[in-house]
Amino acid sequence: MTFRKTPVAAFIGMALLTCFGASAASSASKPARPWLNTHLSPDQRASLVVKAMTQDEKFQLIDVQFGDTENGHVMSPGALASAGYDPAIKRLGLPALQESDAGLGVAKPHKLGATALPSGLATAASFDPALAYAGGAMIGSEAHHRGFNVMLAGGADLVRDPRNGRNFEYAGEDPLLTGLIVGHAIAGIQSQHVVSTIKHYAFNDLETARTTFSADINPTAARESDLLAFEIAIETGHPGSVMCSYNRVNSVYACENDWLLDKVLKRDWHYPGYVMSDWGAVHSAAKSALAGLDQESAGETFDKEVYFGKPLRAAVASGKVPQSRIDDMAHRILRSLFASGVIDHPAEQAPIDFAADRKVAQHVEEAGAVLLRNQNALLPLSGAQSVAVIGGHADKGVLTGGGSSAVQSPEGNAVPGLAPTAWPGPRIYQPSAPLTAIRQRAHGKVSYASGEDIAAAAKLAAQAKVAVVFVEQWSAESFDSPHMTLPGNQDALVAAVAKANPHTIVVLENNGPVAMPWLDQVGAVLEAWYPGAGGGEAIARLLYGEVDPAGRLPVSWPRDEAQLPRPQIPGAGLASIGLIPQGQPAEQVDYNIEGANVGYRWYQHKDIQPLFPFGYGLGYTHFTYSAFKPRVEHGHVMASFTVTNRGKRAGVDVPQLYATLPGSGEVRRLAGWCRVNLKPGQSAHLEVTADPRLLVNFDASGQQWQRPSGSYQLQLGHSATSFQGQGSVTLPKASWPADAPPKGASQSCLASRN
C-alpha cells in the first residue's frame, strides 16, 4: 500500500533531485576521483571507489569505532561523542562516518541537546505516514546540523508484548502500519542527506536476556509478521543500512544468521544497502561475514574482540572468506553513502531552529494521543472550570523513555537526579510543563499537588471542578517490566482522587498498555505516550479541545497479563527502579505460540476481548460510515464508502479496512485505511485499495507467496472489533516467488468531499 502524492511526497522527490542533480564541475576539477561525478548511479560510484581502495581502507570502512567515552573507552580524535565513528579517508574524498542514536531525535551528546519526538507509538497512532515523514525529516535535519551523517533509527520490531521496555521506539503490532510508518520516517531522515538504519533485525521483541535468548519462530509465521513489517518499511523508505539485532533467531545469532541476512534480506528482498551490527552483537569473523554482516559496530568496546580486524583478515588470507566478499561489504556501505547524499552534501555544524522543530514534535503528539475514555463528554474542558493538576511532575515537564534513544532538551533535564542516573538512565523529562500550559488556558483557579501525599491530593481534587491526574511509567532499553502495573502508589492515587472528585481525568505518560484498575471510576483517560519536546502544550490543547484527539491505538490493550501469549517474562525487571527480577531469563522465547497472529489477530484467534482493541480511539465528534461497496478492479481489491461527521465539531477519523482470507482458522488483517478531517455535517466519499501483501500467505516449503482462491471478506471498521460495513469479493488463486512478492497498490486512499 502506498499513499497518493502529497506535498510531503513531492518534497521527497525534490530531496532526491538535490542528492543526484548537483553539478559535475567538482568531479571535473578532480579527474582522479571519478566517483564524485553525480551523473553516475550510486552503484557505479561505489564500484569506482572500491577499485581505488587499498585493503587497509576497506577494512577501516567495515569496522566502526565507538564514538563516546563510555566503558573507559578513549574517544578517537574527530568523533562527536556519540554512538559510532569511522575516520575520513581523505585520499579518496570520503567523509568520516559520524553515527548518532536514534529514532526519536539526536540522543547524544546530552550537553548539546536536541528536539525529542514523541514515542514511536504516538507517531504510529496518528496513522499518518506524511506526519512520520515530517518527524523523520526534522530529526534528520538536526542530526545533519550537528555533524552526523548516520542515524541509528527506524525501529520496526513488532510489539508482541506490552511489557517490552523498548516498545516506545517501535510502531505497534501490525506489519502494514509498522512498515508504512517506519518506512516514511526513514525516508524523512534520508531526505536530509543522512543514512538511516532500520532495526533491530529481527525479532528483538523483548529486552530481557536480549544478547543471548533465541527467538524461535517458523519461517512462514516469520515472513507474515515481523519480517513483513521490515520488508514493507525497506520497500517504502529505502534505508541505507539494516542493523542486525543482539538475539538469536532459531538458535543462530542474528548478526551471523545466513537465512536472515543473505537469503531473506539480500536475495529475496534484493536489498542493496549494508548490514551493520548492533553494539556488542558480533560473535564471529568468517561466519558473520559469509552470512551477510557488512560492518562491525564498536567492536573494540562492546565485542569480545574486533572480529572484522585481524580475525577477518586471517580468514581472507586463508581463503575461508573470499576477497570478493570484502569488496562487496565496502561497495554496499559506499553505495548507501552516495544514495543518501552523504558524500555530496557533507554534514556540517549549523544553527538549529529549535522553536520550529518543537512545533513538529508537538504536532505529532497532538495527532497521536489517543482518547480512551470520555464519559458524559467530560472533555473537552472549559476555561471557566477550576482544575486540580496532580502527579507526574506535571509542574516541570513530560517523561521520555530511556536508553540509547533518550533525547535531552537544549534546556536540560526538567527533573534531574531521578533513578536510575546510570545506564539505562538518566531518566529525562522534557521541559514542557502541562501545568503551565493548562494555566494559560484556564480562567478558573488552577492548583497543583505532586501526588506523593495521596490524602492531600484527594483534598485538593475535592475543591476543584475537575481533577487531572498525570501518571507515568518509565521504561527503557535493556529491561522489560515484569508486569503491567503502574509503579509506585499511582493506582491508589488515581482511586483516591476519583473518589474525591467524580470529574477526574487521567493522562498516561507511558511505554504502552498498563493495568487500569480504576478505569470505571474516572471520567476520561488520555493516552499521551511519551509526549516529546512540545508535549505539555500538546496535552493542554487536547484537553481544552483546541485540537481533536485523532490517535488510534497501534497496539491492542489487554485487560491483564493473563490475556497475553506469554503471561510471564522470566527474569524481567530492573532492580535500580524497584522492579526486582524474579527467576532466571529464558534461553528461548517461543513465538510460535502466536506465530503471525500478533496483537489483535491473537485476540481474534483465541476469541479474547481485550480492554481496548487495535485501531480504537475516541474524539470530540462522531463519525458514521455508509454505502460500503467492495469490488475488484484491474486485479486490485478496492472498497468505496462514505464517511460523515455527525457531530457539532470538526474532527479527524481513521476508517480502517480489514480483510479475511478464505480458509478455516483465518483471522482478519488490516489491509488499508484512510485518515480524513471533516467539518461538522461534512461527508467524504473515500476509496481504499487493499494492500496485496496482506491478501497472501507465505508458503515456506515452496518459497512463494500464495493467494488462495475463494471469497475474501472485507469489513470497514472504527477499530479491529467495531464495524459499520462489510462485503466480499472473489479472487482466483495466484502465486508469486519469494523474491518477487506482490507490490503495494499505487493508490491507497482517494477522497472527494461533499
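The values are calculated or read from the model by the stated rules, or taken from the named source; none is laboratory data. This is a predicted model, so every value here is computed, not measured. Here the Cβ positions follow ideal geometry from the backbone for every residue, glycine too, while neighbour counts run over all protein chains shown. Ligands, DNA and RNA are excluded from the accessible area calculation, which covers all protein heavy atoms including side chains. Shrake-Rupley method; radii C 1.70, N 1.55, O 1.52, S 1.80 Å.
A compact table of results
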{"item": "Meets criteria (in a loop (DSSP other than H, G, I, E, B), outside the structural domain of VAL507 (by the TED database) and in contact (Cβ under 8 Å) with a residue 12 or more places away in the chain) for ARG566", "result": "yes"}
{"item": "Any chance LEU265 is in contact with a Phe, Trp or Tyr (Cβ under 6 Å, 6 or more places away or on another chain) and either closer than 19 Å to GLN60 by Cα or in a helix (DSSP H, G or I) (or both)", "result": "yes"}
{"item": "Residue in the stretch 407-440 that is most open to solvent (accessible area, probe 1.4 Å), counting only those that are more than 22 Å from GLU142 (Cβ to Cβ) and among the polar types (S, T, N, Q)", "result": "GLN440"}
{"item": "Test set (1) part of a helix (DSSP H, G or I); (2) open to solvent by 20 Å² or more (accessible area, probe 1.4 Å); (3) more than 27 Å from LEU227 (Cβ to Cβ) - ARG332 fails condition number", "result": "(3)"}
{"item": "Unmet requirement for LYS648, which otherwise passes all of (1) in contact with a strand residue (DSSP E or B) (Cβ under 9 Å, 6 or more places away or on another chain); (2) in contact (Cβ under 8 Å) with a residue 12 or more places away in the chain; (3) open to solvent by 10 Å² or more (accessible area, probe 1.4 Å); (4) of a type in the set (D, E, K, R)", "result": "(1)"}
{"item": "Test: residue in the stretch 636-653 that is in a loop (DSSP other than H, G, I, E, B), β-branched (Val, Ile, Thr) and either more than 18 Å from LEU716 (Cα to Cα) or under 29 Å from the mean Cα position of the chain (by Cα) (or both)", "result": "no"}
{"item": "Breaking point among (1) touching a Lys or Arg at 6+ places or on another chain (Cβ under 7 Å); (2) of a type in the set (S, T, N, Q); (3) assigned to a strand (DSSP E or B), for GLN385", "result": "(3)"}
{"item": "Sole exception among (1) touching a strand residue (DSSP E or B) at 6+ places or on another chain (Cβ under 9 Å); (2) within 19 Å of GLN349 (Cα to Cα) for HIS73, by number", "result": "(2)"}
{"item": "Residues within the stretch 340-366 that are in a helix (DSSP H, G or I) and open to solvent by less than 10 Å² (accessible area, probe 1.4 Å), tallied", "result": "3"}
{"item": "Number of the condition not met by ILE593 [criteria: (1) part of a strand (DSSP E or B); (2) open to solvent by 60 Å² or more (accessible area, probe 1.4 Å)]", "result": "(1)"}
{"item": "Residue among ALA586, ALA575 that alone is surrounded by fewer than 22 Cβ atoms within 10 Å (Cβ to Cβ), free of Cβ contacts under 8 Å to residues at least 12 places away in the same chain and over 24 Å from SER728 (Cα atoms)", "result": "ALA575"}
{"item": "The lone exception for TYR591 - which of (1) of a type in the set (Phe, Trp, Tyr); (2) out of contact with any helix residue (DSSP H, G or I) (no Cβ under 8 Å at 6 or more places or on another chain); (3) within 26 Å of ASP157 (Cα to Cα) it fails", "result": "(2)"}
{"item": "Of all residues in the stretch 623-642 being open to solvent by 50 Å² or more (accessible area, probe 1.4 Å) and aliphatic (A, V, I, L, M), the one that is farthest from GLN726 (Cα to Cα)", "result": "VAL632"}
{"item": "Criterion: closer than 27 Å to ASP226 by Cβ, buried (at least 21 other Cβ atoms within 10 Å of the Cβ) and touching a residue at least 24 places away in the same chain (Cβ under 8 Å) - qualifying residue of TRP529, TRP518", "result": "TRP529"}
{"item": "Exclusive hit being free of Cβ contacts under 8 Å to residues at least 40 places away in the same chain and under 27 Å from TYR85 (Cβ atoms), set SER245, SER277, SER241", "result": "SER277"}
{"item": "Every pair of residues 6+ apart whose Cβ atoms lie under 8 Å, when the first sits in the stretch 310-330 and is closer than 15 Å to LYS266 by Cβ while the second is open to solvent by 30 Å² or more (accessible area, probe 1.4 Å) and not β-branched (Val, Ile, Thr)", "result": "ARG325/LEU290"}
{"item": "Residues of the stretch 441-480 satisfying the condition of being buried (at least 22 other Cβ atoms within 10 Å of the Cβ) and among the hydroxyl-bearing types (Ser, Thr, Tyr)", "result": "SER475"}
{"item": "Members of the stretch 706-754 that are surrounded by fewer than 17 Cβ atoms within 10 Å (Cβ to Cβ), modelled with pLDDT under 95 and in a strand (DSSP E or B)", "result": "LEU750, ALA751, SER752, ARG753"}
{"item": "The lone exception for ALA221 - which of (1) surrounded by fewer than 24 Cβ atoms within 10 Å (Cβ to Cβ); (2) part of a loop (DSSP other than H, G, I, E, B); (3) out of contact with any His (no Cβ under 7 Å at 6 or more places or on another chain) it fails", "result": "(2)"}
{"item": "Verdict on SER76 being under 15 Å from the mean Cα position of the chain (by Cα) and over 19 Å from SER277 (Cα atoms)", "result": "no"}
{"item": "Meets criteria (touching a residue at least 60 places away in the same chain (Cβ under 8 Å) and within 9 Å of the chain's Cα centre (by Cα)) for ASP174", "result": "no"}
{"item": "Odd one out for ALA540, checked against (1) without any contact (Cβ under 8 Å) to a residue 12 or more places away in the chain; (2) crowded, with 17+ Cβ neighbours inside 10 Å", "result": "(1)"}
{"item": "Subset of the stretch 485-496 (residues that are surrounded by 21 or more Cβ atoms within 10 Å (Cβ to Cβ) and under 24 Å from the mean Cα position of the chain (by Cα))", "result": "LEU486"}
{"item": "Residue pairs meeting the criteria (Cβ under 6 Å; at least 6 apart or on separate chains; first over 18 Å from HIS331 (Cβ atoms), in the stretch 91-105; second aliphatic (A, V, I, L, M) and surrounded by fewer than 19 Cβ atoms within 10 Å (Cβ to Cβ))", "result": "ALA96/ALA88"}
{"item": "Counted residues, the stretch 654-701 - those being in contact with a helix residue (DSSP H, G or I) (Cβ under 6 Å, 6 or more places away or on another chain) and surrounded by fewer than 20 Cβ atoms within 10 Å (Cβ to Cβ)", "result": "2"}
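To keep it simple, each residue is scored yes or no on (1) free of Cβ contacts under 8 Å to residues at least 12 places away in the same chain; (2) under 22 Å from LEU312 (Cα atoms); (3) of a type in the set (A, V, I, L, M); (4) open to solvent by 60 Å² or more (accessible area, probe 1.4 Å).
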{"position": "SER41", "(1), (2), (3), (4)": "yes, no, no, no"}
{"position": "GLN44", "(1), (2), (3), (4)": "yes, no, no, yes"}
{"position": "VAL49", "(1), (2), (3), (4)": "no, yes, yes, no"}
{"position": "GLU57", "(1), (2), (3), (4)": "no, yes, no, no"}
{"position": "LEU61", "(1), (2), (3), (4)": "no, yes, yes, no"}
{"position": "VAL64", "(1), (2), (3), (4)": "no, yes, yes, no"}
{"position": "ASP68", "(1), (2), (3), (4)": "no, no, no, no"}
{"position": "VAL74", "(1), (2), (3), (4)": "yes, no, yes, yes"}
{"position": "PRO77", "(1), (2), (3), (4)": "yes, no, no, yes"}
